[in-house]
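J.: One structure, pasted below without further comment.
The values are calculated or read from the model by the stated rules, or taken from the named source; none is laboratory data. On a predicted model such as this, the values are computed, not experimentally measured, just so you know. In this analysis, Cβ positions are derived from the backbone assuming ideal geometry, glycine residues included, and neighbour counts consider all displayed protein chains.
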Amino acid sequence: MTLGKVIGTVWSTRKDEALVGAKFLIVQQVNLKYEAKDNFIVAVDSVGVGLNEIVLVAQGSSARQTTFTRNKPIDAVIMAKVDKLDISKV
Amino acid sequence: MTLGKVIGTVWSTRKDEALVGAKFLIVQQVNLKYEAKDNFIVAVDSVGVGLNEIVLVAQGSSARQTTFTRNKPIDAVIMAKVDKLDISKV
Amino acid sequence: MTLGKVIGTVWSTRKDEALVGAKFLIVQQVNLKYEAKDNFIVAVDSVGVGLNEIVLVAQGSSARQTTFTRNKPIDAVIMAKVDKLDISKV
Amino acid sequence: MTLGKVIGTVWSTRKDEALVGAKFLIVQQVNLKYEAKDNFIVAVDSVGVGLNEIVLVAQGSSARQTTFTRNKPIDAVIMAKVDKLDISKV
Amino acid sequence: MTLGKVIGTVWSTRKDEALVGAKFLIVQQVNLKYEAKDNFIVAVDSVGVGLNEIVLVAQGSSARQTTFTRNKPIDAVIMAKVDKLDISKV
């Protein structure tokens, strides 16, 4: 999974019909100090997270293994909100 | 999903038989200010978008989860047209 | 899909039994001006292309969605020969 | 598979219901001398490894091919602990 | 598929039970002149290759499309030994 920070929302009216109700969040990838990396991912929220929260994103077919995302054209899902990291060495 | 801008079309006569009728669009990856990044993706359009529109692209097996793309050798699909982004911090 | 140019062939005698008859082509990735990028992909040809032709390559599980590649250990397939690109802006 | 070193743990209370009981480890990618590379992966542990151990991580749909991870929104799994590498040349 | 050179072996005693008997090889990615690139992949051998041989590696779910790898947490497989490359232009 990829570690990221929720920094925004994508608004979309015209989309695949299976995606009605999907909440597309912009997730900035971060390093282990929660500092922004260059890349971001647009992911569907399956756990209910808010702005500036740190999250885990699962990508590829694994992104479709939640109740909401199953069988939908979605390749990234937020499947966990991160409380904290315990790191022995960076 | 990946954020991009539609900048062109790929014309192809000889292709896998399952792809007859597919519309291949060239999607330039963009950052959160809609500025072009280095990479581009060729994606099939499943929602009906036009030139210069901002879109979301789903890749991998998730690209086959639309009515048109199912069971076809397609690894990228435009599944949403972006209206706007709400960003708290870039 | 990835845009590339066919620049050669891989010869292989010892391979997975499902791959007998597979034609492995070397596809140099190119930019929108057909200039070579750094990377290349070895892909199976499913449409019948020749040297120096510009093609589209589908990767991942989508590479197995053709009659020849189904259920085979193949992660890249040439599924279209490109006639031309129409680009509004590069 | 990717070679990495376990350097920490991710704590998460709010997550997809299928993930209750999952142990999320932070795996720093390493080179063949076990020196840290820039990237890290958050992976679920399926073999029982400890801090600072060297491991193999399988990603994508292959990460769901273990008893614990099957059908879950998990895209990276630790499926082997590495004892040692035999390398002819680096 | 990715072109690489077999440069070593990974030894692992503790691993997912489905992986007993798997031979994990270290494959250095190479360019078209067989010169080492920066990256390496750990892949399961399905064709019987030896040290220093040039091989093709299939990744992702396609790595599970061989008799030995099916349904196992393996994301990279050596599915062909390369005899030679015919290249028109590099």
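J.: Just checking, does segment D:31-38 include any residue being closer than 16 Å to A:Met1 by Cβ, out of contact with any helix residue (DSSP H, G or I) (no Cβ under 8 Å at 6 or more places or on another chain) and modelled with pLDDT of 95 or more? Steps first, please.
T.: Of all residues in segment D:31-38, those closer than 16 Å to A:Met1 by Cβ come to none.
Scanning segment D:31-38 turns up no residue that is closer than 16 Å to A:Met1 by Cβ, out of contact with any helix residue (DSSP H, G or I) (no Cβ under 8 Å at 6 or more places or on another chain) and modelled with pLDDT of 95 or more.
J.: Which of the following residues is buried (at least 24 other Cβ atoms within 10 Å of the Cβ), away from chain B (no Cβ under 13 Å) and in contact (Cβ under 8 Å) with a residue 24 or more places away in the chain: A:Ala58, A:Ala76, A:Ala80?
T.: It is A:Ala80.
J.: Restricting attention to segment E:22-39, does a residue exist that is of a type outside the set (D, E, K, R), under 23 Å from D:Asp45 (Cβ atoms), more than 15 Å from the chain's Cα centre (by Cα) and more than 9 Å from chain D (Cβ to nearest Cβ)?
T.: No: zero hits.
J.: Among the residues of segment C:61-73 satisfying the criterion of being in contact with an Asp or Glu (Cβ under 6 Å, 6 or more places away or on another chain) and at the interface with chain B (Cβ under 9 Å from one of its Cβ atoms), which is farthest from B:Gly8 (Cα to Cα)?
T.: Restricting to residues being in contact with an Asp or Glu (Cβ under 6 Å, 6 or more places away or on another chain) and at the interface with chain B (Cβ under 9 Å from one of its Cβ atoms), the top hit is C:Thr66.
Every residue, every condition in (1) among the acidic types (Asp, Glu); (2) within 16 Å of C:Leu19 (Cβ to Cβ), yes or no:
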position	(1), (2)
E:Thr2	no, yes
E:Gly8	no, no
E:Arg14	no, no
E:Asp38	yes, no
E:Ser62	no, yes
E:Lys84	no, no
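J.: Another question about this same structure. Just checking: which of the strands (runs of 3 or more DSSP E) contained wholly in chain D hold 1 or more residues that are small (Gly, Ala, Ser) and touching a Pro at 6+ places or on another chain (Cβ under 6 Å)? Show your work before the answer.
T.: On the way: elements: D:2-11, D:24-30, D:36-45, D:54-59, D:76-81, D:84-87.
Where strands (runs of 3 or more DSSP E) fall fully within chain D and carry at least 1 residues being small (Gly, Ala, Ser) and touching a Pro at 6+ places or on another chain (Cβ under 6 Å), they are D:54-59.
J.: Please list, ordered by first then second residue, the pairs with beta carbon atoms under 7 Å, 6 or more apart or interchain, first in segment E:7-21 and at the interface with chain D (Cβ under 7 Å from one of its Cβ atoms), second of a type in the set (S, T, N, Q) and not in a strand (DSSP E or B).
T.: E:Ile7/D:Ser88; E:Gly8/D:Ser88; E:Asp16/D:Ser46; E:Asp16/D:Thr66
J.: Any residue in segment B:18-28 that is over 30 Å from C:Thr69 (Cα atoms) and out of contact with any His (no Cβ under 6 Å at 6 or more places or on another chain)?
T.: Within segment B:18-28, the first condition is being over 30 Å from C:Thr69 (Cα atoms), and the residues that meet it are none.
No, every residue in segment B:18-28 fails to be over 30 Å from C:Thr69 (Cα atoms) and out of contact with any His (no Cβ under 6 Å at 6 or more places or on another chain).
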